[in-house]
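What follows is a single structure, written as structure tokens, with notes after it.
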Amino acid sequence: MFFGEYKHSLDAKGRLILPAKFRDRLERGAYVTKVVDGCLAIWTEEEFAVRMEQMLEKARRGEAERNVMRAWAAGAAELTPDKQGRIALPAALREFAALDDDVMVIGAINHVELWNLARWQSVETAGSEGLSSGEGLADMGF
């Protein structure tokens, strides 16, 4: 599982150093994709296989879903961290997520998310407000 929040920077070649805590789970290889809310997700090979099956199932629903599946699959990229724990993010994915200098790397339980700093601050604020109010969490025992 992936937990925590880390601020890292992209280098001039579009590489990002993964937090040391995440490297072991991703060292055999991983996949990066576009996801909702305008961030990128890094999936282990096993989780990526689950996501592919879910996308294929959704694509059977209609044209809009097929188009989402196509954009998701076309933008996906294989990643293998180097010995320093760096991953190279394709330019098109960096552009989609508006990643430039500072990147928030967060653990999102079954995957890692890469966020533009300003976008993450907005999402984190909204999420913290939801935790404070308990909105939508009653069924979880909070």
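Taken together, the values in this text are just the output of simple stated rules run on the coordinates, not laboratory data. Every value quoted in this text rests on a predicted model; they were computed, and no experiment measured them. When we count neighbours, we look across all protein chains shown, and the Cβ atoms used for this are built from the backbone with ideal geometry, even at glycine.
So between residue 73 and residue 129, what do we pick up on full extension, going 0.36 nm a residue minus the alpha carbon distance?
In short, 16.8 nm is gained.
Roughly what would the spin-label model give for residue 53 and residue 92, points 7 Å off Cα along C-beta, in nm?
Each label point is offset 7 Å from its Cα along the Cβ direction, giving 2.7 nm.
Spin-label point model (7 Å from Cα, Cβ direction): what's the residue 109 to residue 138 distance in nm?
Simple spin-label model gives 2.1 nm for this pair.
Give, in nm to one decimal, the length gained when the segment between residue 83 and residue 9 is fully stretched (0.36 nm per residue of separation minus the Cα-Cα distance).
In short, 24.9 nm is gained.
Tell me, in nm to one decimal, what length is gained between residue 118 and residue 100 on full extension, where the rule is 0.36 nm per residue of separation less the Cα-Cα distance?
Fully extending the segment from residue 118 to residue 100 adds 5.4 nm.
Under a plain spin-label model, where a point goes 7 Å from the Cα along Cα-to-Cβ, how far apart in nm are residue 45 and residue 63?
3.9
Have a look at 73, 43, 16 and report the one farthest towards the positive end of the charge dipole of the stretch 1-125, computed about the Cα centre with Cβ charges (Lys/Arg +1, Asp/Glu -1).
73
Under the √(5λ) rule applied to the eigenvalues of the Cα gyration tensor, what semi-axes describe the equivalent ellipsoid of the stretch 5-134? Give them in Å, descending.
23, 20, 15
Suppose a student asked you for the relative contact order of the stretch 1-88, using Cα pairs under 8 Å spaced at least 6 residues apart; what percent would you report?
On the way: 96 pairs, mean separation 32.9, N = 88.
Relative contact order, the stretch 1-88: 37 percent.
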